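Only the coordinates and a few stated rules stand behind these numbers; no lab work does. The structure displayed is predicted, hence computed values, not measured ones. For neighbour counting, all protein chains shown are included, and Cβ atoms are generated from backbone atoms with ideal geometry for every residue, glycine included.
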Amino acid sequence: MSGMHSERHAVHRIGLLRAMVLGANDGIISTACLILGVAASDASRSVILTAGMAGLVAGAVSMALGEYVSVSSQRDSENADIAKEKWELETMPEHELDELTEIYAAKGLPQVLAREVAEALTKHDALGTHLAEELGISEHTTAQPMQAAIGSALSFAVGAAIPLVVAAIATAGTRIISTLIVVTFSLAGLGWSSARFGQSAPVRPTVRVVIGGLVAMAITMAVGKLFGAAVA
């Protein structure tokens with residue numbers, strides 16, 4: 001019977017998926033925008049690559065720190081809820097049992113059966129049951145600050161490396177168009193793979209990621225062009 005619980009769902013990896021998709025998407029778009037904006041101002045290859053590398057390092061560090069702080073705050077809130085639930089179970093167990101009974105009754109179980117289920121689950125794992133039923137907290141969904149920080153930083157760096165490599169190997173005349181083409185395909189691949197990883201339909205996420213990236217790059221290129229012309 002050990003195989004009955006082997007099925008895996010996307011919720012088991014939603015935290016890591018979110019951090020990695022956000023990091024890779026931000027890495028590709030922000031670095032491509034930086035490179036295209038500088039390139040549009042007719043800057044030299046060395047200036048473009050320096051700006052791109054600085055953007056990669058700064059972005060990866062920023063993503064890691066931002067994810068760690070935000071997810072740590074979420075984790076602190078969860079810990080506070082867990083501590084409160086432990087206190088309630090220790091000081092008012094009957095009230096908590098009644099509360100759990102009403103939860104199952106509200107889900108459609110007859111009152112007597114709801115009470116039996118509540119009592120059985122309370123004996124098995126009172127805290128885990130109350131956290132899952134009252135707060136939606138489980139071992140699969142609890143916040144993981146370090147996991148989110150490392151995942152987002154690494155995925156940002158990988159994403160940022162794509163337009164940076166293209167800018168490094170392309171000629172001056174083809175740098176902009178080559179970056180646009182490669183980044184567009186990269187964003188499409190990211191949208192499709194993240195959707196498949198999350199077990200959802202791929203078309204909408206892919207279109208959303210590509211259009212958003214193209215709009216961001218177009219705006220940045222326009223600003224770079226205008227700024228370059230003004231400086232010149």
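Quick one: which of 38-44, 53-59 comes out on top by average Cβ neighbours within 10 Å, and what's the full order, highest first?
Numbers: 38-44: 18.7, 53-59: 16.9.
Answer by packing, highest mean first, reads 38-44, 53-59.
With N residues in the chain, what two-decimal value do you get for its Cα radius of gyration over 2.2 N^0.38 Å? Please report the intermediate quantities before stating the final value.
Numbers: Rg = 24.7 Å, N = 232, 2.2 N^0.38 = 17.4 Å.
Against the empirical 2.2 N^0.38 Å value, I get 1.42 for the chain.
A DSSP coil position with no more than 13 other Cβ atoms inside 10 Å describes the following GluC sites (Glu not before Pro) in the stretch 45-140: E139.
Suppose only helical runs count, i.e. DSSP H with n ≥ 4. What mean residue ellipticity at 222 nm does that imply for the chain under -39500 (n - 2.57) per run, divided by all residues and rounded to the nearest 500 deg cm²/dmol?
-28500 deg cm²/dmol
Take every pair of alpha-carbon atoms less than 8 Å apart whose residues are at least six positions apart; their mean separation over the length of the chain yields a relative contact order of 40 percent.
Report, in order of residue number, the helices in the chain meeting two criteria: a C-alpha extent of 27 Å or more along the helix axis, and a mean Kyte-Doolittle hydropathy of at least 0.5; treat each whole DSSP H run as one helix. Qualifying helices: 14-40, 145-169, 175-197, 203-231. For the stretch 58-158, the relative contact order works out to 54 percent when only alpha carbon pairs closer than 8 Å and six or more residues apart are counted.
Positive contributions from Lys and Arg (+1) and negative ones from Asp and Glu (-1), summed over other residues with Cβ under 12 Å from the Cβ of A114, come out at -4.
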